[in-house]
Amino acid sequence: MMINYFAMQVQLGWITLEQVPKRFREKVRKLVELAEIGASEEKQETEG
């Protein structure tokens, strides 16, 4: 639950990964990365 909360804040630019507590940081980084990949694939599908 906290991972999603922190990932949302990172995506919105409210905080940086460095501000995420160390125990959540790696999972948050992976989730943000997956969200960015998903968004870019979705954008490509709508353009192509």
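The values are calculated or read from the model by the stated rules, or taken from the named source; none is laboratory data. Only a predicted model underlies this, so the values are computations on that prediction, with no experimental measurement involved. Glycine gets a Cβ as well: all are built from the backbone with ideal geometry, and neighbour counts include every protein chain shown.
General observations
- Close contacts from region 24-48, counting a first residue that is over 19 Å from Gln9 (Cα atoms) and without any contact (Cβ under 8 Å) to a residue 24 or more places away in the chain and a second that is among the hydrophobic types (A, V, I, L, M, F, W, C) and loosely packed, with under 11 Cβ neighbours inside 10 Å, with Cβ to Cβ under 7 Å and a gap of 6+ residues or different chains, come to none at all.
- Residue selected from region 17-28 under the condition assigned to a helix (DSSP H, G or I) and among the hydrophobic types (A, V, I, L, M, F, W, C), by the criterion surrounded by the most Cβ atoms within 10 Å (Cβ to Cβ): Val28
- Checked against (1) part of a helix (DSSP H, G or I); (2) modelled with pLDDT of 90 or more; (3) surrounded by 10 or more Cβ atoms within 10 Å (Cβ to Cβ), Trp14 passes all but condition (1).
- Within the span defined as region 29-37, every residue fails to be outside any helix (DSSP H, G or I), loosely packed, with under 15 Cβ neighbours inside 10 Å and modelled with pLDDT of 95 or more.
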